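One structure is given here, and the rest of the page talks about it.
The values are calculated or read from the model by the stated rules, or taken from the named source; none is laboratory data. Please read these numbers as outputs of a predicted model, since none were measured by experiment. Every residue, glycine as well, gets a Cβ built from its backbone with ideal geometry; the counts of neighbours run over all protein chains shown. Side chains are part of the model used for accessible areas, which takes the heavy atoms of the whole protein and leaves out ligands, DNA and RNA. Shrake-Rupley method; radii C 1.70, N 1.55, O 1.52, S 1.80 Å.
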Amino acid sequence: MESIHTDSEESGKGGLSKSNSNVPPHRLDEWVDGSGMEKLEIKAEHDIVLRALKAANLVCRRVVNNPEIAQAISEEELAQLTATYQQNTGTVIGKILTLLQARGLVFSPGKIGKNRYYCATGILAPERTVLPSEQTRRSRVMKLVRGAVTEFGRAVRIGDILSYAAGRIDARDLDPQIITHDVLSLAETEDLRVVGVVRGDEKGSNLYLPPEFDPAAYAPSVPLTWVEEVAQAFNEAWAEHVKQAGEEGRLPRPLSTGEVRARWKAMPNAHSKAVEQQPVITAMLMLAQKIRRQPPLVRKIRRKGEKAILWAPIDIPTEALDLGHAYATDTERVSTAVRRAVQHLGRPVTVRDVTDEIELDQTLRPARSQALYSILTDISKERTDMVEGARKKRATRRIYRVGMVGNETYYYHRATDIAEAEAYVELLRLESQWDTVCASEQLERIERCCLPTVAVGRAMLITVEAGDTLYALDSFLIKRMGDSTKREAEDLRNRIAIVVEEAHRCLSERGGLCLRVLPQEVSREVPSWTSHELLPILYPLYPLLKKNNSSSAQLISLLYDWIRRVPNRDHVNRFSNDPREAAEFLFDRADSLLYAAQKWGGYECRFLARTARVELGLLRDVRFVFPALQAEDVRARLVATACLAFLWSDEGKEHLRRLAVEDPEPGIRQSALWAYGFAGGTDMQELLIERSNKDMNVHVRTFAKKAMNLDEKGWWAF
């Protein structure tokens with residue numbers, strides 16, 4: 001690096017030494033004296049200082065000192081000076097200015113204290129240039145405060161003053177720490193007034209105003225910090241609570257943190273922190289503390305047995321608050337609703353029961369838009385919140401899931417009685433399973449069965465289902481349960497025993513003549529379809545499916561109350577790729593066909609469907625129908641034909657084909673033809689051609705000819 005020389009020899013020559021400079025001379029400015037001297041070239045580093053001086057003169061419109069010139073030098077140029085010279089920047093600028101002054105490119109009107117002021121020749125006239133009026137640092141800072149107040153239109157904090165000073169070149173020589181020190185000093189000597197206090201960010205808490213400004217006219221119109229925004233949100237929400245309490249003639253209830261967060265988030269131009277969960281908690285804790293001269297604005301309300309905190313203004317005593325109906329979270333609200341519902345009903349409760357309880361007390365209504373069943377599901381979980389990839393155990397568990405019956409989930413509120421609550425739900429499950437058998441109703445309808453073999457099969461089915469339920473009840477009664485649950489279980493057992501006795505009586509009356517031709521045991525297997533398998537069957541028939549372009553998933557809701565559904569033994573989980581493994585329940589195939597036939601079928605279809613539904617009930621074992629095909633009674637054979645039309649089986653289709661050809665009764669041959677086609681007989685076209693030519697009855701031949709052009713949908717409409 002080179003050093004700057006100011007010896008008279010160089011000055012007398014009117015130029016600077018270039019022997020040690022690594023930077024080539026740069027012609028950035030040209031100067032000619034009054035005697036016509038030749039144009040001079042200056043070093044690049046000297047030109048940097050000269051250009052900075054000119055910029056500072058133009059911005060300040062006056063002569064400037066060394067620090068002000070340094071502020072006008074860019075970082076790249078400053079780096080160039082530092083790389084060239086060994087001295088510090090202030091010394092380098094001062095010596096370069098001395099050299100430029102010797103060459104007549106710069107002049108100086110004098111000094112103020114230790115600071116000499118300079119001006120570039122040609123910017124200001126030397127004869128009219130005077131030194132700036134001398135100002136103390138405190139007066140300069142006071143001037144900055146006035147400028148900041150005018151700029152922001154309100155009382156200002158130290159951070160506001162620093163922001164304003166950073167944009168002014170005449171204040172760049174004032175260090176932020178110096179400005180802060182002088183503002184505090186001015187406030188101490190009462191040259192500045194503290195007209196307010198704010199809480200929050202790093203810009204300061206005191207609001208300053210010069211004495212000549214009116215505090216009322218320069219009071220902030222909006223919150224200056226996000227903590228002040230939370231305070232405003234709290235005040236607005238509290239005002240609404242007080243208004244509502246006055247309208248309802250009761251004491252106001254304290255606010256929950258969630259209510260304050262929702263109000264803050266809804267404020268126009270709210271701070272970005274409003275969408276986060278933690279800042280509002282931090283702000284409320286800050287507002288509840290005394291910070292320096294700032295008194296607390298709110299206070300905590302703690303309740304016995306409750307973990308969550310409520311908030312009230314600092315000047316509102318506890319006796320002036322309604323704490324009996326105050327809830328901090330939706331967990332508290334819903335848990336209270338569950339507890340009251342259990343107390344009123346004396347049993348575990350469902351979502352519907354909890355909804356009814358909320359309707360009785362609107363203070364229990366959840367604040368969130370989340371569905372009630374979702375809230376119940378969340379708060380009843382034993383583990384919650386992912387921590388390092390694993391769920392942690394819930395600290396306070398208020399609600400317990402005690403079981404499910406059908407599509408209804410049951411909840412309880414007390415851990416000590418969980419076993420009894422689970423026993424009650426298990427009893428409901430057993431009772432629900434028994435209700436699906438419809439035993440009493442089936443026994444009444446057995447009396448109207450046309451086919452004795454079918455009546456026997458239905459009675460045997462009832463006894464088997466009843467036996468399984470009785471066995472489950474005997475195992476259940478051993479468990480721990482409440483007295484009322486035990487009484488209900490014993491009452492159910494007695495009712496089932498009566499049904500079993502009645503079924504055995506039916507078997508003894510009807511079974512004697514036909515037990516030798518019937519199976520020894522009835523099959524409880526129910527041929528079933530998934531919704532994916534049922535959809536293509538019903539889509540051409542069901543207008544609502546075509547109108548809404550419904551999917552297989554929507555089919556369940558459309559047919560939930562109309563077609564019998566049975567548990568799926570192959571169910572794995574509902575996320576399985578195989579529809580058969582994903583479905584928890586399946587549609588009874590025969591019941592699906594009977595429902596569709598009666599609703600959308602033609603005359604023959606509806607007639608046979610109605611006959612089969614009355615005869616079969618819940619029996620799906622086709623073996624109890626076959627013996628009736630040999631009966632001499634025409635009506636019995638017709639009923640059996642109707643049953644085989646909807647109990648699809650390979651053996652059943654063979655019997656239908658034989659009836660269509662060999663039965664002596666034309667009406668049965670015609671019904672068998674339709675049933676064989678409806679059940680999907682493989683050689684239906686050949687059979688129809690044969691019957692249209694060879695059948696002895698003209699009506700059967702006409703029916704066969706008409707049916708030859710039918711497609712799959714046509715059999716429904718026939």
Roughly how big is segment 31-181's charge dipole about its Cα centre, with Cβ charges of +1 (Lys, Arg) and -1 (Asp, Glu), in debye to the nearest 20? 680 debye
Could you compute how much accessible surface THR129 exposes when probed at 1.4 Å, giving the result in Å² to the nearest 10? 20 Å²
Taking all protein chains as present, what is the carbon and sulfur share of the accessible area of the chain, in % to the nearest whole number, probe 1.4 Å? 50 percent
Could you give the size of the charge dipole of segment 456-599 about its Cα centre, using +1 on the Cβ of each K and R and -1 on the Cβ of each D and E, expressed in debye and rounded to the nearest 20? 320 debye
Under 19 Å between alpha carbons, and skipping anything fewer than 8 positions from LYS300 in its own chain: which lysines qualify? LYS290
Got the relative contact order for the chain handy, in percent, Cα pairs under 8 Å and 6 or more residues apart? 6 percent
Using only alpha carbon pairs under 8 Å that are at least six residues apart, calculate the relative contact order of segment 646-707 and give it in whole percent. 28 percent
Between the Cα axis of helix 698-707 and the main Cα principal axis of the chain, the angle (0 to 90°, nearest 10) is 20 degrees
So SER221 and VAL275, fully extended at 0.36 nm per residue minus their Cα-Cα distance, gain in nm 17.1 nm
Against the longest principal axis of the chain, how steep is helix 634-646, in degrees 0 to 90 to the nearest 10, with axes from Cα atoms? 20 degrees
So what is the calculated 222 nm ellipticity per residue for the chain, using -39500 (n - 2.57) for each DSSP H run with n of 4 or more, over all residues, to the nearest 500 deg cm²/dmol? -16000 deg cm²/dmol
Computed over segment 632-699, protein heavy atoms only, probe 1.4 angstrom, the accessible area per residue in square angstrom equals 45 Å²
For segment 651-718 and segment 357-384, write down the distance between their C-alpha centroids in whole Å. 60 Å
Contact order normalised by residue count of segment 520-608, Cα under 8 Å, 6+ apart, percent: 32 percent
What is the ratio of the Cα radius of gyration of the chain to 2.2 N^0.38 Å, where N is its residue count, to two decimals? 1.80
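Highest mean first, what order results for 45-51, 91-97 on Cβ atoms within 10 Å?
Per-residue mean Cβ counts within 10 Å order the peptides as 45-51, 91-97.
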Positive dipole terminus of the chain, leading residue within ILE375, ASN115, GLY602 (C-beta point charges): ASN115
Could you sort THR225, THR355 by their accessible area in this structure, using a 1.4 Å probe and putting the largest first? THR355, THR225
Considering only Cα-Cα distances, which of the following residue pairs are longer than 29 Å: LYS273/LYS307; LYS243/LYS381; LYS54/LYS114; LYS599/LYS706; LYS143/LYS273? LYS243/LYS381; LYS143/LYS273
How much net charge surrounds THR702 when only the other residues with a Cβ under 15 Å from the Cβ of THR702 are counted, with Lys and Arg +1 and Asp and Glu -1? +3
What order do you get for 477-488, 527-538 when each peptide is scored by the mean count of other beta carbon atoms within 10 Å, highest first? 527-538, 477-488
Rounding to the nearest 20 debye, state how big the charge dipole of the chain is about its Cα centre with +1 on each Lys and Arg Cβ and -1 on each Asp and Glu Cβ. 840 debye
Evaluated at q = 0.16, 0.31, 0.33 Å⁻¹: base-10 log I(q)/I(0), Debye formula over Cα of segment 434-482: -0.53, -1.11, -1.17
Protection-proxy order for peptides 265-274, 604-613, each taking the mean of Cβ atoms within 10 Å per residue, highest first: 604-613, 265-274
Just going by the charge dipole of the chain, with Lys and Arg at +1 and Asp and Glu at -1 on Cβ, which of LEU545, ASN693, VAL522 is farthest out on the positive end? LEU545
